[in-house]
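Here's the structure we're looking at; comments come further down.
The values are calculated or read from the model by the stated rules, or taken from the named source; none is laboratory data. These figures come from a predicted structure and were not determined experimentally. Cβ placement follows ideal geometry from the backbone for every residue including glycine, while neighbour counts extend to all protein chains displayed. To get the accessible areas, we keep the full protein, side chains included, count just its heavy atoms, and leave off ligands, DNA and RNA. Shrake-Rupley method; radii C 1.70, N 1.55, O 1.52, S 1.80 Å.
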Amino acid sequence: RERVRAMFYHAYEHYLESAFPYDELRPLTCDGQDTWGSFSLTLIDALDTLLILGNVSEFQRVVSVLQEGVDFDIDVNASVFETNIRVVGGLLSAHLLSKKAGIEVEAGWPCSGPLLRMAEEAARKLLPAFQTPTGMPYGTVNLLHGVNPGETPVTCTAGIGTFIVEFATLSHLTGDPVFEDVARKALKALWKNRSDIGLVGNHIDVITAKWVAQDAGIGAGVDSYFEYLVKGAILLQDKELMSMFLEYNKAIKNYTKFDDWYLWVQMYKGTVSMPVFQSLEAYWPGLQSLIGDIDNAMRTFLNYYTVWKQFGGLPEFYNIPQGYTVDKREGYPLRPELIESAMYLYRATRDPTLLELGRDAVESIEKISKVDCGFATIKDLRDHRLDNRMESFFLAETVKYLYLLFDPDNFIHNNGSAFDVVMTPYGECVLNAGGYVFNTEAHPIDPAALHCCRRQKEEQWEVEDLMQEFYSLKKIKKFPLKRASDHGDGESAKSPEGASSEKGEEKRKSRKSSHSLLTCPSQSFNSKLAVLGQVFLDNT
């Protein structure tokens, strides 16, 4: 763990010294470059890692630097996907962690705050991309002028389906449903355009909804779409998103899985198109662990780990039958995915093999890619040639997952035994109780925060009714409220009760007959009553 901490500071301090305010450090020439916009990206991406390493003072300093220095009103063509996961995700995570970092937060926090306003401003710049006939977004947007007239309508699947975590969080915190609405519409458009055998391709035309690249797999171009169905389902307690993923999971097992490897197949026929393992696919065992499929996850992980041991890193493409790298795809840009899976699986199994992978990763990265000014992308794993680039995800993800693998007591691993109670304009609210959902750039989102900023009357009524019952200690006959329709902020997102109000009503009645609404079978009432993320203590 201490070696990982030292790695972080070696890279971070050289970024500040040689590259700030540019997006990324160029470690071989000790200077900087703008890559994804012009946002001091490495700083935004590394912000929550600072707190996870326990560096409160630097977190506070960087927050004030970003507030003064970052401007989204710039004439720059930015990737909609990358800006969302790195900038919006990084700012949201830092916003939700800022009280923990000792920052004086404003009165309405977490429903308001400077970092939240920055995240919202960045996300608003992305909204023009979603104005297409299908609701699937363009891949690139100009932050000043919107979508360029000649912009290509071809976007990769992940670039369409990787918004629900950040955008739903924004909608819940700000009360503006537009973000969650566009994210859901894009997810559903992909679902609607899956093939008859249940697979999605790699690139699609967002105007006509015609598949341009028809390779189906779990790796590059598709990966985080599947990840966000699972994480969106967990974050929003949304059964529909989970059932979509489970359907895909069946098709993926049926058509792409061979001997615990996953190949690329033609999306309509299911015939193998590329017997290749891509390093980006290494997130999959971690995702399987999130749905409880530990045995399959471990078997696939061990396959991927053999490749790591062969090269001291994961090449971008690995030819499975030949057992070697693919031409022009021999590099390893210090990606986090295998370490991410190891972190999740170690939380689930405590299998020491996973710590060995972590140690191997530290050894490899230090031995091969460490240079005087940071850590350099490995251009070729066969001869260890380096490239003059250190991607921001090295500090956002790779180092973070490594540190969390070796730090079992980190606050991120909180099991709910400790929490903070915050007063908001909408009542009492519980935060920092654990269960963090990482976005695909490893920015942790506190799921409880989504219930702090209630703009919806229905929920307030429900809570008020429960409070009334609490004080009068009488059984109420039924909830006097109509459920919201299937909008994300309403029934499907917040209520794990099912799709219709009648069903919810039936379940409520049957629950009442077995025990009072105010008691919980697993926990005595005298300690606390948790309702939709709020906690009411006896003595209030």
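Points to keep in mind about this one:
- If you go through region 71-100 and keep only what is out of contact with any helix residue (DSSP H, G or I) (no Cβ under 7 Å at 6 or more places or on another chain), within 17 Å of Lys125 (Cβ to Cβ) and open to solvent by 10 Å² or more (accessible area, probe 1.4 Å), you end up with Asp71, Asp73, Ile74, Asp75, Val76, Asn77, Ser79, Glu82.
- For beta carbons closer than 6 Å, sequence separation of 6+ or different chains, a first residue in region 280-295 that is open to solvent by less than 10 Å² (accessible area, probe 1.4 Å) and a second that is of a type in the set (Ser, Thr, Tyr) and in a helix (DSSP H, G or I), the qualifying pairs are Ala282/Tyr304; Ala282/Ser341; Pro285/Thr300; Pro285/Ser341; Gly286/Ser341; Gly286/Tyr344.
- Residue within region 437-450 that is touching a Gly at 6+ places or on another chain (Cβ under 6 Å) and not in a loop (DSSP other than H, G, I, E, B) present: yes
- Considering the conditions (1) under 22 Å from the mean Cα position of the chain (by Cα); (2) outside any loop (DSSP other than H, G, I, E, B); (3) of a type outside the set (S, T, N, Q), Tyr318 is excluded by exactly one of them, (1).
- Selected residue (only one of Ile85, Ile103, Ile74 is assigned to a loop (DSSP other than H, G, I, E, B) and within 25 Å of Gly159 (Cβ to Cβ)): Ile74
- Single residue of region 311-365 satisfying the filter (buried (at least 18 other Cβ atoms within 10 Å of the Cβ) and of a type in the set (Phe, Trp, Tyr)) that is nearest to Met390 (Cα to Cα): Tyr332
- For region 236-279, a residue qualifies if it is assigned to a helix (DSSP H, G or I), among the hydrophobic types (A, V, I, L, M, F, W, C) and surrounded by fewer than 16 Cβ atoms within 10 Å (Cβ to Cβ), and exactly one does: Leu246.
- Residue selected from region 366-407 under the condition among the aliphatic types (A, V, I, L, M) and in contact with a His (Cβ under 8 Å, 6 or more places away or on another chain), by the criterion surrounded by the fewest Cβ atoms within 10 Å (Cβ to Cβ): Ile368
- Restricting region 11-70 to residues that are more than 22 Å from Val141 (Cα to Cα) and in a strand (DSSP E or B), the residue that is least open to solvent (accessible area, probe 1.4 Å): Leu25
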